[in-house]
Amino acid sequence: MPSRRKFLVQTFIGGLAAGLGCRYAYANTMLSGQIIHNTLAPSLPIVISTWSHGIAANEMAMKVLKNKGKSLDAVEQGVRVSEADPLVESVGYGGFPDASGEVTLDACIMAPDGNAGSVSCLKHIMHPVSVARRVMEKTPHVMLTGEGAYKFALDQGFEPTNLLTPKMEKAFQKWKNSGLRYAPNANWENHDTIGLLAIDEQGDIAGACTTSGMAFKHPGRVGDSPIIGAGLFVDNEVGAATATGEGEAVMKTLGSFLIVELMRQGYSPQQACEQAVHRIAIKLKPHPNFQIGYIAMNKAGETGAYAYAPGFQYAHYQGDKNELYNSGSMQNH
Ligand code: ASP
């Protein structure tokens, strides 16, 4: 197990290097077939997010950061890109509906000061992450759900929108006519929850996570994505983590919180993501189609990613490189 001392030394060196403006001073190391962003002397800012639609989200987040914006604004603006994109079928507008044909959205956001906001089962609003931010900033609460969250959004000036696109209406009718029942299927490449983590030039970390959840889920079902500590957790002294995949498993193991706490103990982001996936495999005995993916970032700007099954991708943006990587996984096929 890596020692806490080693972690603190790495953090110090990373912070020092960033402070001295050592740009492009990191190395990508190939380890057991996957790229680890090994950033002993990272150049800030850095953005990391889940799936291939993370590339466009990273682009927007980095634009904010390169204009001297803060990580909190970057993560919100970044994931709004996926929320508004009808081609991203598991987030926001154009997302898959639940078993009654309604699109219901879950999202949360967490700031460097430890503040957090969240909405769940929110209908008719294009940008749940921005409603989550308003919950964080305008109420004494962390989470609003369903009808209450919707009314709050309207009070805050958000416009009601029909989130069900003709394509998704068709998909729903097809699913309904097939007589199939809901079954978790969380590894549809490029079509899953976006979780995005950013560290700004000051070294402050924020995160956001937003989703339409599992396709054809039970009406009223809430996944991991809006649950602070499950779908997302940020501790600005240590780092941040976020999840995608079958949310029930993440909720049962409080995966993102677990990863941050492991990093606090000295694990690298990569090691911590691997441990969190192993925890699920040991405790929950996953079914054959099971998938879960984590990404993480620490205060030194090091990042990690790991999944249960192959197929999980993440987007990493540092310096002038915004690239998509295949995550390592516990299962090899
Ligand atoms: N984690 C999301 C949920 O369980 C689904 C996903 O990432 O695709 O709602």
Applying a 10 Å radius around every beta-carbon, put 48-57, 77-86 in order of their mean neighbour count, most first. 48-57, 77-86
For R181 paired with D113, estimate the spin-label separation in nm (one decimal), with each label point 7 Å from Cα along the Cα-to-Cβ line. 4.8 nm
Can you tell me the order of 259-270, 156-167, 61-72 when each peptide is scored by its average per-residue count of other Cβ atoms within 10 angstrom, highest first? 259-270, 61-72, 156-167
Quote the relative contact order of segment 244-333 in percent (integer), defining contacts as alpha-carbon pairs under 8 Å separated by 6+ residues. 25 percent
Given K217/K285; K70/K283; K170/K217; K217/K283, which pairs have Cα atoms separated by over 26 Å? K70/K283
Mind putting a number on the dipole of segment 137-215 about its Cα centre? Charges go on the C-beta only, +1 for Lys and Arg and -1 for Asp and Glu, and I need it in Debye to the nearest 20. 740 debye
Honestly segment 38-121 on the Cα gyration tensor test (a ≥ b ≥ c root eigenvalues; a/c under 1.5 rounded, otherwise a/b vs b/c for prolate or oblate) is just prolate
Cβ-derived FRET efficiency at R0 22 Å, E137 paired with A84, nearest 0.05: 0.55
Where the centre of each part is set by its Cα atoms, how far does segment 60-133 sit from segment 260-333, in angstrom? 21 Å
At 10 °C and 1.306 mPa s, what whole-number value in µm²/s does Stokes-Einstein give for the translational diffusion of segment 202-275, with Rh from the Kirkwood sum over Cα pairs? 125 µm²/s
Interchain or long-range residues, amide H under 5 Å from W51's placed H: Q313, Y314, A315
In Å, the Kirkwood estimate of hydrodynamic radius for segment 63-168 over Cα pairs equals 14.0 Å
Which whole-angstrom value gives the distance between the alpha carbon centres of segment 194-217 and segment 151-176? 21 Å
Given the options H124, F158, F172, identify the residue whose Cα lies farthest towards the positive end of the charge dipole of segment 116-190 (+1 on Cβ of Lys, Arg; -1 on Cβ of Asp, Glu). F172
Tell me, what is the percent relative contact order of segment 54-160, built from C-alpha pairs under 8 Å that lie six or more residues apart? 18 percent
Subtract the Cα-Cα distance of A281 and Q331 from 0.36 nm times their separation in residues, and report this length gain in nm to one decimal. 17.0 nm
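Rule-based calculations on the coordinates, nothing more; no lab input. Since the structure is predicted, the reported quantities are computational estimates derived from the model, not experimental observations. All Cβ positions, glycine included, derive from the backbone under ideal geometry; neighbour counts span all protein chains shown.
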